[in-house]
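These notes are about the structure you will find just below.
The values are calculated or read from the model by the stated rules, or taken from the named source; none is laboratory data. Computed from a predicted model, the values in this text were never measured in an experiment. Cβ placement follows ideal geometry from the backbone for every residue including glycine, while neighbour counts extend to all protein chains displayed.
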């Protein structure tokens, strides 16, 4: 996975945690403290998953391009 996709996934995890915290702060669904705890849990678990699943060497641009093979039949 290239660097831009990792950044996008990290941003998505960050936004999800922030939304959870804001829901707790703006509604009576749960307390703000619980929202902050859930937000931190999402960030830690999500960051660990991203590092575990997509860790390793970066792909070169040639590896990330999809290749199409055209086969002629007669």
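Is it the case that region 42-54 has a residue that's modelled with pLDDT under 85 and not in a helix (DSSP H, G or I)? Within region 42-54, not a single residue is modelled with pLDDT under 85 and not in a helix (DSSP H, G or I). Within region 6-33, the set of residues being free of Cβ contacts under 8 Å to residues at least 12 places away in the same chain and either part of a helix (DSSP H, G or I) or surrounded by 15 or more Cβ atoms within 10 Å (Cβ to Cβ) (or both) comprises 7, 8, 11, 12, 15, 19, 25, 26, 32, 33.
Which of the residues belonging to region 34-52 are closer than 16 Å to residue 11 by Cβ, surrounded by 13 or more Cβ atoms within 10 Å (Cβ to Cβ) and free of Cβ contacts under 8 Å to residues at least 24 places away in the same chain? The answer is 39, and nothing else.
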